[in-house]
């Protein structure tokens, strides 16, 4: 789904809230305003950007089901592509206000999570010679708590392939 809006005033971007009422037929049969049918999503920019009054902001949102959950990808173009963000919920996380969880602090020493280890192994296995099903089988054997079935493993490997392979 692609949505294009025009800004009504100049501003430095921060969290934005928007809703839509698509006209799919003569009488729209769903909408994102209350009462909610589809729910709300917060799709932040990966960094701040200044917008000017009248700027066109185009967002293309796609969702793919993997492991029983939607993985969302959104491509945002501002001023006809002068500024562009390509983002995905697969790469995302909940962002607490700066300083509340300590992970953004200069002195924080991070360690890789279980999910990070899985993703690193999947990406490291994409060597140009190995089929996705073989990678999925390896990941299922190595990460049985995260990938209980071959379908779970294939979903995760396929999403990583769509996102990161060439």
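Every test in (1) touching a helix residue (DSSP H, G or I) at 6+ places or on another chain (Cβ under 8 Å); (2) modelled with pLDDT under 50 is passed by residue 27 save one, and that test is (1).
Scanning the range 151-166 for residues that are closer than 20 Å to residue 129 by Cα and without any contact (Cβ under 8 Å) to a residue 40 or more places away in the chain yields a count of 6. Being farther than 16 Å from residue 142 by Cα, modelled with pLDDT of 95 or more and surrounded by 10 or more Cβ atoms within 10 Å (Cβ to Cβ) is the filter here; which residues of the range 98-131 pass it? Passing the criteria: only 130.
Tallying residues that are assigned to a loop (DSSP other than H, G, I, E, B) and at pLDDT 80 or above within the range 50-78 yields 4.
The values are calculated or read from the model by the stated rules, or taken from the named source; none is laboratory data. Model, not experiment: these values are computed from the prediction. Cβ coordinates were reconstructed from backbone atoms using ideal geometry, including for glycine residues, and neighbour counts include every protein chain displayed.
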